[in-house]
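Report on one structure; see the data block that follows.
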Amino acid sequence: MTILQFFLWSVLKVAVVTVVMLLGIAYTVLLERKLVGRIQNRWGPSRVGPFGLLQPLVDGAKSFLKEDIIPTGVYRPLYLLAPILALGCTLISIGVVPFGAPNIGPGPLDLFEIANVNVGLLVILGVTSIGVYGIALAGWSSNNKYSLLGALRSSAQLVSYELALGLSLVGVVLRAGSLNLRVIVEQQATNGILSWNLFGGMQFVAFFIYLMAAYAETNRSPFDLPEAESELTGGYHTEYSSMKFAMFFMAEYGNMITVGCVATLLFLGGWTSPFGDLIPVPQNILIQALLPLFWFVLKVFSFLFLYVWVRGTLPRFRYDQLMNYGWRWLMPLAILNIVATSLWLAYR
Amino acid sequence: MHLILFLVFAGFCLGGAINLLIQSHPINSALSLIVVMVSLAVLYLLLGAEFLAAAQVIVYAGAIMVLFTFVVMLLNAGREARTLGSRAARVVGFPAVVTILAVIATVILHAQGLGVARLSDGLTNVPGQTNIELLSTVLFTKLLLPFEVTSVLILIAILGAVALARHDDTDPQGSAERTGK
């Protein structure tokens, strides 16, 4: 494959993945509004299109057409940089996620992953940790006390829970012996659901810790203190309007999708079928390409469903509870999990 | 290709470092430092050290610099006043910097065991061997003692910080007397 071919294929893959990701974000918002509506015994959006399915498009058009207000007291360069940083980091991290079977496509091309990186997991963690600056800078540059408090809360929360999040993944990495996401998935692929890290790998403690830390990392309820509307109006994005606000909004839902993808890859067997080899796959190339995609999307969707369900069920933590929970429970538990997994692997 | 990327990111790195020095607002300086860290990570990546690059981004740009900006935001530090600096620093400064850089460069070029790295070469020639294996083999065999000593050093620093932060709580009697008066 020549450099030019490689370049063109990469551009095509990036374009397709970005469009799918943005559509996914839009429809995650709709999923949340519908589901939370049903949990609260109302219908949610139902007027635009059949079952309200065109609502995200109308919302997008509305945010574009709103007046873009920049308050006079803001620190302009960082105020403009912050939403770009937040959304950019979200969209970059999806680039190393493998979402389909390998070895399908012309020549050595990997059709279902933009970049197969040796340290893929670390790349995702690194890019997410850069995403914190979007929120921190938004709050600081807005020159508003509510925004600043929201940003401070958010930075402290992200730094605290990033530790637990990183440590909870170490058990999985130890089992796979690699940080390459494709290798981690293939290690779980042999016996379907029985060899997933969540069940066969005995990593359910790690999964629980990852779940909690991931909710905190994406600022979702019950950990949504950075934008607790009853105390901080809008939190870090109080002073943002129009498309800039929409970019923060999209970054939040994009992070939810990324976190769901990582959970799927690390604990739920990625794109592989939960039945393993029990059901033979037809020899048709189209089905062989599309079936892994179906499983992957289904797993990510159930993770997002759980996200919304939790949001509709649990009330918000108090700030001291949040810090106690992260440092005194989740982190020691994650370290214990690493020790137990290492011992098990050593004396197996 | 590698050379172009190297030039671009080395440029970013130097530009960020210079910007860090001339900016008068602490948060701009902190952000320039992040640019330096991330471009350094890209340079590591170009040299084939992908694990080091990822660790650089996660640890330095993602954790340590977040604390920096956190403190700047929390204290709401304002602009620094510009001074011209002392006369002696201006006269001696540039020759001193040049001398130090020259000494360091000479030592690096002539020291035993330090070779020249080539862009686009990996850290290893063995196929299938990853960065992590290579680094951990060196870290846990040859450099085990320095590694453990460093971890003890960090532990001592953490304990010291906790001891300093809890200074008032350890003496409830004394603090009660103080507030009583």
Q) Using a Gaussian network for chain A with springs between C-alpha atoms less than 10 Å apart, which of these wobbles most: A:N180, A:N191, A:N324? A) A:N324
Q: Sort A:L314, B:L47 from largest to smallest accessible area, using a 1.4 Å probe on the heavy atoms of the protein chains.
A: A:L314, B:L47
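Roll a 1.4 Å probe over the protein chains and send me the accessible area per residue for region B:1-82 in Å². Please list the in-between numbers first.
On the way: 4430 Å² over 82 residues.
On a per-residue basis, 54 Å².
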Q. In the structure shown, do any of A:K13/A:K34; A:K244/A:K299; A:K13/A:K244 have a Cα-Cα gap over 29 Å, and if so which?
A. A:K13/A:K34; A:K244/A:K299
Q: Give me the accessible area of A:E162, 1.4 Å probe, in Å² rounded to the nearest 10.
A: 40
Q. Hey, got the dipole for the protein assembly as shown? About the Cα centre, +1 on K and R Cβ, -1 on D and E Cβ, debye to the nearest 20?
A. 620
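Assigning unit charges at the beta carbon (Lys, Arg +1; Asp, Glu -1) and nothing else, what dipole magnitude in debye, to the nearest 20, does region A:173-277 show about its Cα centre?
Numbers: 4 positive and 9 negative charges, 86 e Å.
For this selection, approximately 420 debye.
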Q. Can you work out the FRET efficiency for the pair A:L12 and B:A165, with r the C-beta to C-beta distance and R0 = 56 Å, to the nearest 0.05?
A. 0.55
Q | Global geometry of region A:244-348, whether rounded, prolate or oblate, following the gyration tensor of its Cα atoms and the 1.5 cut on a/c | A | oblate
Q. Using heavy-atom solvent-accessible surface (probe 1.4 Å) with all chains present, what is the largest-first order of A:R328, B:R90, A:R220?
A. A:R328, B:R90, A:R220
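Can you tell me how region A:187-304 classifies by the Cα gyration tensor, rounded, prolate or oblate, using a/c under 1.5 as the rounded cut?
In terms of gyration-tensor shape, oblate.
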Q) Between A:L4 and B:L143, how many nm apart are label points set 7 Å from Cα along the C-beta direction? A) 4.5
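Probe radius 1.4 Å, ligands and nucleic acids left out: can you give me the accessible area buried at the A-B interface, summed over both chains, in Å² to the nearest hundred?
1900
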Q: Set the Förster distance to 41 Å, then compute FRET efficiency between B:A105 and A:L111 from the Cβ-Cβ distance, nearest 0.05.
A: 0.30
Q) Rounded to the nearest 10 Å², what accessible area does A:W309 show when all protein chains are kept and the probe is 1.4 Å? A) 140
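Rank these by accessible area, largest first, 1.4 Å probe: A:Y27, A:Y307.
Values: A:Y27 80, A:Y307 0 Å².
Output order, biggest surface exposure first: A:Y27, A:Y307.
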Q. From the square roots a ≥ b ≥ c of the eigenvalues of the alpha-carbon gyration tensor of region B:1-82, which class results: rounded (a/c under 1.5), prolate (a/b over b/c), or oblate?
A. oblate
Q. Between B:L14 and A:F204, how many nm apart are label points set 7 Å from Cα along the C-beta direction?
A. 5.9
Q. How far apart, in nm, are the 7 Å Cα→Cβ label points at B:L134 and A:Y347?
A. 3.6
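The values are calculated or read from the model by the stated rules, or taken from the named source; none is laboratory data. Only a predicted model underlies this, so the values are computations on that prediction, with no experimental measurement involved. Ideal geometry is used to build each Cβ from the backbone, glycine not excepted, and the neighbour counts take in all protein chains shown. Only protein heavy atoms, including side chains, enter the accessible area calculation; ligands, DNA and RNA are left aside. Shrake-Rupley method; radii C 1.70, N 1.55, O 1.52, S 1.80 Å.
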